[in-house]
Structures are given as structure tokens and as C-alpha cells.
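If you scroll down you'll find the structure; I have some questions about it.
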Amino acid sequence: MEDKLNATDHTTTLWENLLEAEMELLQHHDLILRQQHLHWGQKVGYDWDHKGDLDTIFFHATVSRRRHRSNIKHIHDGNGNILTSWEDIGEHLQGYFSDLLASKEPNDPSNFLEAIPLNMISNDDNLSLLKPVTHDEIFLTLKTVGSLKSLGLDGFNALFYNHFWDIVGPKVSTLCLVFAFLFISLKILTDLEIQNISLLGKKAWELLSPTSMWAKCMKEKYFPKTDFMRVKCPRSASKIWKDIVKLKPFLDMGIRWHVGDGLAIWAWIDSWVPDTPSPLHLRVQPSNCILNRVNDFIDPATRTWKVANVMSFWPSEYVARILSIPLSVDPHPDYRLWAHDKYGHYSVRSTYLKVHQ
């Protein structure tokens, strides 16, 4: 029908017969369009055709029905099991896409390197890249920065430095050159990693005795009924929490317990005997020993060590050290000490020096 309309020669509109034919074609074309609209309106539903995009009861009921129809009620995992709870479904989906998007860390990159031409960087380009940074390069780089962009940490923008470069240029260039040398140096990069471990370890140390608001929130969320050193990291945990939990072995090597009432110390797991290897050195609990906590080796009446129990279950090199630990007359709760600080407090400096060694 549209082809016939387009084929009509409008220059002959003076002829009455052609005018009548054109009008009939236009009317017939409009009729077909109305029939087509009616057909699709009946097919998708009259209400949706007229009210689908309006804020009406019909719209909200339709959306709710479609949401209910699109709801995931259960899924099949890789082992053929049917997961129905929201927690299991969410954990499975998160684990699936985490494994899908995570790097497999290929050990042999030769397959990728073979596709890279060896002459991508010429000798002249390599020499240019290896040249030390100069004052002129710093000034040229400064000119590429937008003059009125956001301010730096000192409160000045690039326009200030461009205008007063004759005054501040030498000091700024010297500072940039020192920073470039430190950043490029592999030793400094390693030191930065150690510094990050020391700083993040301080946050992990706060979780051992949570007093701050953030530490209490973390404890309530991830380990409400246990201790931080015995918590397991769920796959759904945040990135920062996973990084903190990774520091547990590092903390374990520096934590030493001060014996009070002995109720919080696991005798065969925690490090509480002075001048002994770290907890990573396995101390196997004897099969005939049912004493699990340090409190089990202390006489509560006399506040002294149960010598018979200590000598029966501990190796000879541990006995003298255990019996030399003083016990207070008034028992107090056990608490942790940081072995790398003379005062027993965790500090970034002492940790940095220890890790650097």
C-alpha cells in the first residue's frame, strides 16, 4: 500500500481521476494502520496499551506480578545441589562471579610474550626512558596541568606555580626529584609495603580488645561470639576486612600473653610461655591430657602453679619457664602484649623494624 502511494505522480493532481485514486489509497492506508494498532492492542492487552506507562494501580500490579514471576526461588550449584535460601544463593552467586573474574595468576607468560615484537622499544627510546628526570621536564609537566584545576594539599593551584616559578621553582623541582628517586627505587617500594603492613596491623591489633566504634562494629558483624585471632573470613566479606584478616599470622608471631586468671589463654595454642618459639611452632597436646586452658594448671586456692600437672604434661624445657611465671594473688583477666616493644604496646615503629629485619 505504501509503495503504491509513493508511486503516485503528484504532478498529475490536476486530473480528477488521479485525485480520487490518491484519496482512496490514503483512506485505505489509514484503515490498515488502525486495524494494525487494534490488532496489537488486543494482543498485548488493552489496559497495558493505554495505561502501561501511567502511575496507576494497573501499572504497579503489573510490575509486582512481573517481579514475582522473575524472582529466583532456587538455583542449582556445580555439584547438582538445589539452593533455596537467600544466603546460600547469594553466597554461591558471589563465589561464582568472583572465581570467574579473578585472576588465575598464570606462572608461564611465554605464550603472551611471544606475540609481542622484540623491537617495540628502540635503543634510543630506551635511553630516553632511562634518563634521570630534569628540572625542565618538571616545569613542562607543570604547564600541562590545568591552571584553575582543583587545589593541591597546600591550597595552591597550578596557576600559582606557573606565575611564581622563578621563586618557588628550585625547591619544587628538588622535591619532585627526590620523590621520583624514592618512588622508582625498588627498596623504597618494598619499604612502602612494610609500612602498609605495619599500619594495617595496628587496626588488627585494635580488634583484639575492641574499644573504638569501628572496632565494635566489626566485632558485632564478623565475630560476635569469638576472638579475632580465631575468626574465619567469609567470602562475602569486604576487601578491607579480608586484608585485615590476612594479618593474623603476622600478629600471631608477635603476640605474647600475660597470665592473669588463665581463663582466656589456650594452653596448647596461644603463646604464653616466655622465651619460647612462636605459636607457629607446633606443640602437640598429649592424648591423655584434658587440660585445655592455662587456668587448668593454676591452683585457685593458693594462686600457685600445679607443679604435678605442669611436669606431667609439658616438656622439660617448658617446665622451668612456666613455673617462673609469677601469679598475682588477686586474679585479673589475661591480656595480650606485643613482644617487639619493651612496653608491650603495639607500635608502627617497632613493627616496621621487626618486619624489615
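In vacuum, with every alpha carbon of the range 255-339 counted as one equal point scatterer, what does the Debye formula give for log10 I(q)/I(0) at q = 0.11, 0.14 Å⁻¹? Two decimals, please.
Normalising to I(0) and taking log10 leaves -0.26, -0.43.
Return 29, 340, 356, 68 ranked ascending by Cβ neighbour count within 10 Å, so the fewest neighbours appear first.
So the residues, fewest neighbours to most, are 68, 356, 29, 340.
Please report the net charge: other residues with Cβ closer than 14 Å to the Cβ of residue 83, K and R +1, D and E -1.
-3
So if R0 is 45 Å, what FRET efficiency would residue 202 and residue 121 give, r being the distance between their Cβ atoms, rounded to the nearest 0.05?
That pair, residue 202 with residue 121, gives E of 0.60.
In the range 297-357, which trypsin sites (Lys or Arg not before Pro) fall in coil by DSSP and have 16 or fewer other Cβ atoms within 10 Å?
Loop-located and lightly packed - 303, 306, 342.
In nm, to one decimal, how far is the modelled label at residue 177 from the one at residue 36, with both set 7 Å along Cα→Cβ?
7.6 nm
Related question: Pairs to check: 73/232; 219/248; 248/354. Give those whose C-alpha atoms are more than 19 Å from each other in this structure.
73/232
Quick query: amide H of residue 335 versus all other amide H atoms, modeled in the peptide plane; which residues come in under 5 Å with a sequence gap of 5 or more or a different chain?
So residue 335 has HN proximity to 258, 260.
Let me ask something else about it. With a 10 Å Cβ neighbour count serving as the proxy for reagent exposure, in which order, fewest first, do 334, 88 appear?
The most exposed by this proxy come first: 88, 334.
Using Cβ contacts closer than 10 Å as the measure, can you line up 294, 319 from fewest to most?
So the residues, fewest neighbours to most, are 319, 294.
Rule-based calculations on the coordinates, nothing more; no lab input. Treat the numbers as computed from the prediction; the structure is a model and nothing was measured. Using ideal geometry, Cβ is built from the backbone for each residue, glycine included, and neighbour counts are taken over all protein chains shown.
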